[in-house]
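Colleague: I am attaching a structure below and will ask some questions about it afterwards.
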Amino acid sequence: KSLRVYLQQIQEDLNKQLFDNLVSFLRKSHSEFQEKTTEWTCRMKAREIPTAALVLGVNVTDHDLTFRSLSEVLQNTVTPYIAFLEAKDCPGIKNLMQKLMGQLMNCNIDVDSLEDEDYVQVSQNRVRCSMTSLINWYENVTKKTDSETASKKRTSSSQHWQSPPVVVIFKDMESFTTKVLQDFIVISSQHIHELPLVLIFGIATSPMIVHSLLPHSVSSLLCVELFQSLSCKEHLSTVIDKLLLTTHFPFKLGVKVLQVLINIFLYHDFSVQNFIKGFQLCVMEHFFSQPVSVLCCQLEDAKKRVNPLSHEQCENIRRLPSFRRYVESQASEKQIALLTEDNFLKETIQKLLEDLNVYHENYISVLRCLHVFTSSLPKYPLGKQIRELHCACLENQVWETKEYESSLQLARMLNKSDLETMLQQCVEIFVSSPENEFDKTVKKLKEFLTQFQKLEDAFQERDVSVPSQKELQKKTDLYHLQKTLLELKESRRSKKLTKFEMLRFEVVDYIDSLVRNYLVPADHKTLHEIVYFNTASVLREHLNAAPRIALHTALNNPYSYLKNQALKSDGGSISNKAPDICIVYKLHLECGRLINLVDWLEAFSTVVMAGEGLNADTASSDQVDDVIHARFIRAVSELELLGFIKPSKQKTDHVARLTWGGC
């Protein structure tokens, strides 16, 4: 529950700026309508409808959550009159008006029953679906609301605006037909002086779709303002930063699991919601499959969880590979105590869990500091996003990679202002760290900043021994000129580093020492199995669908899904207890390219009647029971629907097989 609330809070924070801008836009449009200002009067003459073009990106699966949050914000602060329209529900203008009025008037509409009617049922009355009816309804409800407001005081936090606007949200504008949009906009523009209508277009591609779908004569009736949400990549980076690179939740993802989730995001749907669902699936799978994962729940307060450990849980911890490595590194007496005494083991586990928690806090702080340097380089050997750097640190000892060496070389060429900015950001990161271990680090970084401030411009320093340009011009003799140039070349090779260059090297080396001390891969830490979920193969099975394998398994071995003991059978046998489609599927695997339906039916009948205790030898094709015949036809139709067979044009009493080979 706390994880769900935390994720919901992240979503609200990400969309807060966007929603605030939309509310400001609605407030501006509504105030002009309410006060009948000159600008609104001019807009009335032009019949322009205030319209917000909301560009949400191609991650369509995330749009529903955004619109739900937007609806809550608008209903709490702006207006109770909000309607959501989808293209699948609005094939024509009549359907659109039915849907619009049905949502605004809070009445249920059976579109099928109203296919030939232009009315909706409100209470006991039938209301015609027209803009005039909508205007009359709006005038009635606003008068009623105004009278209730005058008679009863309400707080400003829960009070809607006076004469609140009617907000119509087109969730998937690209899917609407031009005819429907055009008719609705033209009709609405003729009544904009009577009804404070505001349109919000949900756009997945580009704002130019407004002009592509609508002719100029219609788009000119809209006063469009553009609103851009966070890109899905920025959204994902923020979620990873708030969810994984934090100590609020001790549960962590291993590098392979994290790469699987990121690859699905980048190469499939760009859906942040699906990434979060994958994360939640990892949490469930980890606690379900890892017996010692119970210690992950309260990692920060190890005393509360370690003491009640049972003997069986202690034995599970002793079997962990990381703990076995830890035991092997201890003295023989301590090894015996760890393997035989549960109380001593619990005390050791408590200390190890506290060390693991400190490791995570230090890891996150140093990782953010390193990201400050790597993200500011002209190239991004370790990636621009912090999630890429995090994966690199989890996978290997990052200081041994070529990308890290390239980053250090580029960092040794940074200018003075960039270095000062980066150091200042690192100081802020370490100061905000919950651990006191970085007090010396903060002091050292501030010393670097002080030294930079005292330095004069390093680029004005020159080696005194190098001859000036005037001296070179004086030596017109070829021999002396060549000699001087050789001396100049040699002096450049043996040129001493300036104070700035030496200080820059010192800063980079110090950051390198922090990386080597604190960014050790998690799988090198003892008891990391308690916190990290590393079973990427299980996650792939759940998220990467393999429909053909699933179908073959279900039809060839229904016990694997139904768990019915009666369905258990040997590898090659066909159980008569299996569903009809399973029997037909197994029989079709024994056939060639063309399958004779009569032979297939006889084989099916033999298997089924054997299960019913009848003599299969006395059965012939013309004596087949009608029920068995019907069951066979239904099973064959289901196989055809699944794509295993198709009718053959060569022989009318045959079907063609479409699948070959094993799965």
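The values are calculated or read from the model by the stated rules, or taken from the named source; none is laboratory data. All of these numbers come straight from a predicted model, not from anything done at the bench. For neighbour counting, all protein chains shown are included, and Cβ atoms are generated from backbone atoms with ideal geometry for every residue, glycine included. SASA here: full protein model, heavy atoms, side chains in, ligands and nucleic acids out. Shrake-Rupley method; radii C 1.70, N 1.55, O 1.52, S 1.80 Å.
Colleague: So how do 311-319, 246-254, 208-216 stack up, highest first, on mean other-Cβ count within 10 Å? Mind dumping the intermediate values first?
Modeller: Values: 311-319: 15.1, 246-254: 18.2, 208-216: 13.6.
Output ranking for 311-319, 246-254, 208-216: 246-254, 311-319, 208-216.
Colleague: While we're looking at this one, here's another question. Exceeding 26 Å between C-alpha atoms, which entries from my cross-link table qualify? They are K88/K649; K233/K256; K233/K443.
Modeller: K88/K649; K233/K443
Colleague: Enumerate lysine pairs in region 261-378 that are 8 or more residues apart or on different chains, then count those whose Cα atoms are under 23 Å apart.
Modeller: 7
Colleague: Put +1 on the Cβ of every Lys and Arg and -1 on every Asp and Glu Cβ in region 200-357; which of Q273, V294, L338 then has its Cα farthest towards the positive end of the dipole?
Modeller: L338
Colleague: Highest first, please rank the peptides 523-535, 4-16, 418-430 by the mean number of other Cβ atoms sitting within 10 Å of their residues.
Modeller: The densest-packed peptide leads the list: 523-535, 418-430, 4-16.
Colleague: Right, another one. When the accessible area of region 497-587 is split by element with a 1.4 Å probe, what percent falls to carbon and sulfur?
Modeller: 53
Colleague: Fully extended, how many nm does the chain gain between R324 and T659 (0.36 nm per residue separation, minus their Cα-Cα distance)? If you can, show how the numbers build up before the last one.
Modeller: Working: separation 335, 0.36 × 335 = 120.60 nm, distance 4.93 nm.
Here the segment from R324 to T659 would lengthen by 115.7 nm.
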